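Below is one structure, written out as structure tokens; comments come after it.
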Amino acid sequence: MSMTFDAAVIGGGFKGMMTAYGLIKQGKRVCIVDSGKLLGGFMAPMQWRGIEVDKGPQYLDGISEPHKRILDEITAGHEPLSALDYSYGSFWNDHYTEGFAIPDYRTLPVEQRALLLHEAITASEPPAQAKSIADLYGEDCPHSYRYIRQWCRKFLQNEADRLSTINRNFVTFFGRKLLLDNDLSLELKQHPRLDDILAARKSGIDHQTYNLYPLGKNLGVFREAFERWLHQAGAHILTETSVERILPGDQTYRLDSGERSLHASEVYCAATIESSERMLLQQDRISACIRPVAQLFYLLEIELDRPLPFYIMNYSDSSIARVTHFTAYANTSASNKSVLCVEVPTTVGSTLWENPDDHRSVLCKELQAMDIDTSTISAMQAFKVPSTYRAVLAGYEQQLHTLQEQVRERYGDAIHILTPHLLTRASIMADLSQRGILPS
């Protein structure tokens, strides 16, 4: 069976679905191909005790006004996305800080804070030739680097000197902020050199962005609405289908996929960069520069004795990376109790990965240290998620550039490899706008 389209999108996660949306709005006949059972990838929720639960906090945050209009169109007639003034906190050195998800260095002794502030001021510009996180926080910043190394190991399961500077979003997240009290931080942030270094509570912002979510539901509701929109808009959707290779032809490209043969004038690669490389070049080199971060998601049914924010980041020397309180914005359990998701980074094949139930007592002790009473837990179950974040290693940029050049040489300019290492859905939409796929 052979079918011909104006554009084929390989990969049906959020990026692929949004790419298809933009191409359809341009009047193109589009086919989406994905190897999974459903479109949406990570947006598909976990099934637990009669309810559906997201894989961690998955708000559509930082969405611009034009992009909000796109999301509103997608969900029109279905469960709407509501504005979400979400809350968060952080835990470190036995101290809980409300309103910031970054480490609170104010919990350190004043001498250590002074050294960190000195490093932040004197080394605020990253080295011009920086290739890894270790280059950003190295010998010139030994006090900062001590913590960066610790958190790279914990959250990304990798050494800092192996991680590419593309992971700088994580570095900024772990950054040397919250060193001073709020009033002094606000005063010093008037200095241009200190503005990006110090954190203070925002009194206002000069641009409008939105944090969106189907309140009382889960992100799977948005996934379903998006898939429904694509069907109604005429997208041809092929799930449980893998593209083995792409062959150039006369004015179109042939996508070999088992018994199917698809033809398209343009191809947009929205799946992992490793699968794109195998499909386009029949080689597997770039995967050596990528480390998917596996996590165990422990879902807890619990009666809380105090309100919790939407999520709490844990920077202490323990296994918990983040605690999400779903009931603060999503749904409760079937018995109307609070649902928590506790994330524990690990590696596939580790003792912890193979025996997650053995870790329950440790988990309860760590939650107790965060002042979360575990005596009311009525159910707990671990879910294995082999790829949450995708850490990229030093050398990745050159490998990606080489891959893109080889693809351009072999196929021309009608094969589009979409930016593969973006962290948020807002950044994905911004990237697609810059490429002219979505309106800006």
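The values are calculated or read from the model by the stated rules, or taken from the named source; none is laboratory data. Quick caveat, the model's predicted, so the values are computed rather than measured. Cβ placement follows ideal geometry from the backbone for every residue including glycine, while neighbour counts extend to all protein chains displayed.
Which of (1) among the polar types (S, T, N, Q); (2) free of Cβ contacts under 8 Å to residues at least 40 places away in the same chain; (3) under 30 Å from Val339 (Cα atoms) is the odd one out, the single condition Gln434 does not satisfy?
The number of the failed condition is (3).
Restricting attention to the range 416-434, which residues are modelled with pLDDT of 95 or more and among the hydrophobic types (A, V, I, L, M, F, W, C)?
Once the filter is applied, which keeps residues that are modelled with pLDDT of 95 or more and among the hydrophobic types (A, V, I, L, M, F, W, C), the range 416-434 yields Ile417, Leu418, Ala426, Ile428, Met429, Ala430, Leu432.
Under the condition of being without any contact (Cβ under 8 Å) to a residue 40 or more places away in the chain and under 22 Å from the mean Cα position of the chain (by Cα), which residue from the range 313-343 is nearest to Phe155 (Cα to Cα)?
His325
Among the residues of the range 309-325, is there at least one that is closer than 23 Å to Met17 by Cβ, modelled with pLDDT of 95 or more and surrounded by 19 or more Cβ atoms within 10 Å (Cβ to Cβ)?
no
Kindly indicate whether Ala328 is more than 15 Å from Tyr59 (Cα to Cα), modelled with pLDDT under 95 and surrounded by fewer than 20 Cβ atoms within 10 Å (Cβ to Cβ).
Values: more than 15 Å from Tyr59 (Cα to Cα): no; modelled with pLDDT under 95: yes; surrounded by fewer than 20 Cβ atoms within 10 Å (Cβ to Cβ): yes.
Criteria not met by Ala328.
Pick out the one residue from Ser433, Ser440 that is part of a helix (DSSP H, G or I), polar (S, T, N, Q) and farther than 25 Å from Val293 by Cα. Full working, then the answer.
Numbers: Ser440 fails: part of a helix (DSSP H, G or I).
Criteria check complete, one pass: Ser433.
Rundown of residues vs (1) at pLDDT 85 or above; (2) within 27 Å of the chain's Cα centre (by Cα); (3) charged (D, E, K, R); (4) on the phi > 0 side of the Ramachandran plot, yes/no style:
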residue	(1), (2), (3), (4)
Glu111	yes, no, yes, no
Gly138	no, yes, no, no
Pro142	yes, no, no, no
Asp161	yes, yes, yes, no
Ile166	yes, yes, no, no
Lys177	no, yes, yes, no
Ala200	no, yes, no, no
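Taking Lys28, is it part of a loop (DSSP other than H, G, I, E, B) and within 30 Å of Val243 (Cβ to Cβ)?
yes
With the structure loaded, tell me whether Asp183 is assigned to a helix (DSSP H, G or I), surrounded by fewer than 19 Cβ atoms within 10 Å (Cβ to Cβ) and not aromatic (Phe, Trp, Tyr) or whether it fails that test.
On the way: assigned to a helix (DSSP H, G or I): yes; surrounded by fewer than 19 Cβ atoms within 10 Å (Cβ to Cβ): yes; not aromatic (Phe, Trp, Tyr): yes.
For Asp183, the condition - assigned to a helix (DSSP H, G or I), surrounded by fewer than 19 Cβ atoms within 10 Å (Cβ to Cβ) and not aromatic (Phe, Trp, Tyr) - is met.
Being among the β-branched types (Val, Ile, Thr) and surrounded by 20 or more Cβ atoms within 10 Å (Cβ to Cβ) narrows it down to one residue among Val53, Val110; which is it? Write out each step before concluding.
On the way: Val110 fails: surrounded by 20 or more Cβ atoms within 10 Å (Cβ to Cβ).
That would be Val53, the only listed residue that is among the β-branched types (Val, Ile, Thr) and surrounded by 20 or more Cβ atoms within 10 Å (Cβ to Cβ).
Within the range 68-105, count every residue that is farther than 27 Å from Lys15 by Cβ and touching a strand residue (DSSP E or B) at 6+ places or on another chain (Cβ under 8 Å). Reasoning before the result, please.
Residues of the range 68-105 farther than 27 Å from Lys15 by Cβ: 87, 89-100, 103-105.
In the following step, the residues that additionally are touching a strand residue (DSSP E or B) at 6+ places or on another chain (Cβ under 8 Å) were identified as 87, 89-92, 96-100, 103-104.
Going through the range 68-105 one residue at a time, the tally reaches 12.
Can you confirm whether the range 125-144 contains a residue that is touching a Cys at 6+ places or on another chain (Cβ under 9 Å), crowded, with 16+ Cβ neighbours inside 10 Å and among the hydroxyl-bearing types (Ser, Thr, Tyr)?
Checked the range 125-144: no residue is touching a Cys at 6+ places or on another chain (Cβ under 9 Å), crowded, with 16+ Cβ neighbours inside 10 Å and among the hydroxyl-bearing types (Ser, Thr, Tyr).
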